[in-house]
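Step one of this worksheet: look at the structure below.
The values are calculated or read from the model by the stated rules, or taken from the named source; none is laboratory data. Here the structure is a predicted model, which means the values were calculated and not measured. Please note: Cβ atoms are built from the backbone with ideal geometry, for glycine as well, and neighbour counts cover all protein chains shown. Quick note on the areas: whole protein, heavy atoms, side chains included, nothing else; ligands and nucleic acids left out. Shrake-Rupley method; radii C 1.70, N 1.55, O 1.52, S 1.80 Å.
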Amino acid sequence: MHIGFILPEYPHENVATTGGIGTSVRNVALSLTRTGYTVSVFVYSQDETKIFHDGVIKVHKIQQQVSKLYLTWYTNRKYIQNYIQRYVVEDTIDVLEAPDWTGITAFMKFSIPLVIRLNGSDTYFCHLDGRKVKPKNAFFEKKALRNADKIISASDFTAQKTKELFKLNTIIDTV
């Protein structure tokens with residue numbers, strides 16, 4: 001089985017941004033490859049488009065697109081979608097996973113299942129911290145969650161709080 005991860009960050013010297021989600025996924029990816037899975041990582045909002053290998057993990061840096069149409073949020077998502085879909089077909093990827101953070105997969109459609117992993121969205125953390133969430137982030141996160149083929153969560157608390165905040169009527173499995 002070939003699993004693709006869509007990420008805003010990844011812990012490697014060739015990637016501009018790094019952090020908790022990327023580090024966590026890298027650890028999972030390394031474990032998966034040791035048990036026979038193939039893993040590709042798609043890191044969006046980068047300074048260039050480039051493919052390299054982190055050991056056995058194929059890493060795609062996807063350059064941030066700029067649009068003069070004032071719809072950069074949409075055109076960039078479609079660019080990312082089309083880029084990933086090309087490799088879904090070319091590399092025979094079976095399933096994609098993306099984080100809930102900022103709802104990057106809102107308005108994306110793929111020919112294979114898309115799983116969203118709840119680690120805590122911006123809406124979720126703003127709620128817990130008593131801060132006001134940016135309306136665009138809440139909108140994109142809700143759209144991405146509603147369009148996912150499956151939602152999984154890092155904890156039961158995160159799953160239940162996310163269901164409540166986004167008024168979801170879906171089953172969320174805790175991993």
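Pairs are defined by a Cβ separation below 9 Å, a sequence spacing of at least 6 or placement on different chains, a first member in segment 128-149 that is closer than 23 Å to residue 115 by Cα, and a second member that is modelled with pLDDT under 95 and surrounded by fewer than 16 Cβ atoms within 10 Å (Cβ to Cβ); the pairs so defined are 136/73; 140/73; 145/170; 146/170; 148/170. Here residue 30 meets each of (1) within 17 Å of residue 100 (Cα to Cα); (2) open to solvent by less than 50 Å² (accessible area, probe 1.4 Å); (3) not charged (D, E, K, R) with one exception, condition (1). Restricting to segment 1-26, count the residues that are touching a residue at least 60 places away in the same chain (Cβ under 8 Å), assigned to a loop (DSSP other than H, G, I, E, B) and open to solvent by less than 40 Å² (accessible area, probe 1.4 Å). So the count comes out to 1. Within segment 27-52, track down each residue that is part of a strand (DSSP E or B) and touching a strand residue (DSSP E or B) at 6+ places or on another chain (Cβ under 7 Å). Listed by number, the residues that qualify are 38, 39, 40, 41, 42, 43, 44, 46, 50, 51, 52.
Does any residue of segment 128-136 turn out to be closer than 21 Å to residue 28 by Cα and open to solvent by less than 60 Å² (accessible area, probe 1.4 Å)? If you could, list the steps in order and put the result at the bottom.
Pass one, segment 128-136, residues closer than 21 Å to residue 28 by Cα: none.
No, segment 128-136 has no match at all.
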